[in-house]
Structures are given as C-alpha cells and as structure tokens.
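Step one of this worksheet: look at the structure below.
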Amino acid sequence: KQEVTQIPAALSVPEGENLVLNCSFTDSAIYNLQWFRQDPGKGLTSLLLIQSSQREQTSGRLNASLDKSSGRSTLYIAASQPGDSATYLCAAATDSWGKLQFGAGTQVVVTP
Amino acid sequence: GAVVSQHPSWVICKSGTSVKIECRSLDFQATTMFWYRQFPKQSLMLMATSNEGSKATYEQGVEKDKFLINHASLTLSTLTVTSAHPEDSSFYICSARDWGDSNEKLFFGSGTQLSVL
C-alpha cells in the first residue's frame, strides 16, 4: 500500500525566506504527484501536478520536483509572504481515475 | 477553473440522526467523485469512490451501511452519514475530476465539518 510522508510537520519562517517542503512516497508506481494548499476549515486548492514522466513543474513562485526512483517530491516556494501561511499537502495518485493517497501535511507560518 | 460546490459547510446533529452532505460539480460533468474524511491534524483519508449510475466503491474499513453514497446524476453525489455518533465527527470533503481538462487536476469542495453531540 502506498504511504506518503511529509517532513517537517510544521515550519515557521520570516517573510522573504524561501520555503522547502518535502514529500516522500513508498511505491514509485505513481500516476502523478500533486501538491495542494489547505486553509483552516476549508477545502483544498490544487497548486501543482507533476506527471510520472515529468521531473518538475513551475507556477509563479512555486516549483515542485519529482524523483520517482527515490520516492521524493519537493515543493519550493520562493520569497515567502504571510499569505503563504497554510497547510501544504502532497498526494500521490495511485491510478488514472484520481484516487489520491495524501500525506499528513506541513503547516507553514510566514511571519511578517 | 472547474468548481465543486459542497453543502453544508457546517452541521451539528444529535447522536442517532442522519446527515446528508451534497457535492456538486457546477460547470462540468463528473462521472467519478471521491469522498474523503479528515480528522484534526491528520491527513485526508479516502472513504469511497462514487460512480455515476452505479454502486460506490468503498475503501477497506469503511462501513457501507454507515456511509451511504448516491451518485444519481453527472453533477451530484451525496454522502449520508446514517445514525451518526460522536466518533463520526470529522471534516468530510469531496473531489471530482473534470475529464475535459487535459491537466487532469482534481477539484475539491470546501468541505463539511460534522459535529455529532
């Protein structure tokens, strides 16, 4: 069974610093790897999706890498802002239909 | 982007009652929707896959008779928590995929916080 782990569980940085969030998965046979943002008591917002054949995806200040062989993905957020404070979840898609295995998330606080 | 609407956002109910949660795809057709549950400080756990016009597929350990799923149309799936008890208190969230979107992203509802007294 696929297991997804996120380290660290929580992270606090001053505004302007770069953020590095780690995600690891046990089964390299993934369909894709997705990163989401969750605000307290709210739903999820999709940030980046990396297909299994891709190495990275970029959107604005966000960059996510994928190394299937080592079972790792990393989300980089450049020049963090207080508005980036949220919980970030990574999820491995185990099939093409959309079934996801989530990590427990990294709670990020960016202080002004 | 595609929008998934989930209602209600909050519900408080007495133990033993049933609660229905709706998940709608507003601007696309969703033949498949997913239902997740999230306990505080924990990850989202997939409960079941909802398929339009057929029975839902439940994950191991999820009681079918406890969590009734109906996907009667291409835009609506409902989750009914039957005879709810305090241990069912959790954050429930649905997701759907827009098969017309080549990006293959999943879109999530805003979630439902269920509190059973």
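Per-structure values
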| quantity | calculated |
| --- | --- |
| Flag for A:Gln107 being assigned to a loop (DSSP other than H, G, I, E, B) and not basic (Lys, Arg) | no |
| Sole residue being polar (S, T, N, Q) and within 14 Å of chain B (Cβ to nearest Cβ), chosen from A:Gln57, A:Gln81 | A:Gln57 |
| Condition broken by B:Phe108, with the remaining ones in (1) under 30 Å from A:Ile7 (Cβ atoms); (2) surrounded by fewer than 19 Cβ atoms within 10 Å (Cβ to Cβ); (3) not small (Gly, Ala, Ser) satisfied | (2) |
| Out of A:Pro14, A:Pro8, sole residue that is under 19 Å from B:Lys41 (Cα atoms), surrounded by fewer than 19 Cβ atoms within 10 Å (Cβ to Cβ), in contact (Cβ under 8 Å) with a residue 40 or more places away in the chain and not β-branched (Val, Ile, Thr) | A:Pro8 |
| Answer residue from the range A:84-104, given it is in a loop (DSSP other than H, G, I, E, B) and either at pLDDT below 90 or out of contact with any Cys (no Cβ under 8 Å at 6 or more places or on another chain) (or both) and is farthest from the other protein chains (Cβ to nearest Cβ) among those | A:Ser85 |
| Every residue from the range B:3-59 that is surrounded by fewer than 17 Cβ atoms within 10 Å (Cβ to Cβ) and among the aliphatic types (A, V, I, L, M) | B:Val3, B:Ile12, B:Leu26, B:Met45 |
| Single residue of B:Lys41, B:Lys55 found to be farther than 22 Å from A:Trp35 by Cα and without any contact (Cβ under 8 Å) to a residue 12 or more places away in the chain | B:Lys55 |
| Residues of the range A:1-44 classified as aliphatic (A, V, I, L, M), assigned to a strand (DSSP E or B) and within 14 Å of chain B (Cβ to nearest Cβ), total | 5 |
| Residue list for the range B:1-18, filter: more than 11 Å from every other protein chain (Cβ to nearest Cβ) and within 11 Å of B:Thr112 (Cα to Cα) | B:His7, B:Pro8, B:Val11, B:Ile12 |
| Residue match in the range B:27-48 (condition: modelled with pLDDT of 90 or more, under 26 Å from A:Ser96 (Cβ atoms) and of a type in the set (Val, Ile, Thr)) | no |
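The values are calculated or read from the model by the stated rules, or taken from the named source; none is laboratory data. Not measured: the values here are computed from a predicted model. Reconstructed Cβ throughout: ideal geometry from the backbone, glycine too, with neighbour counts over all protein chains shown.
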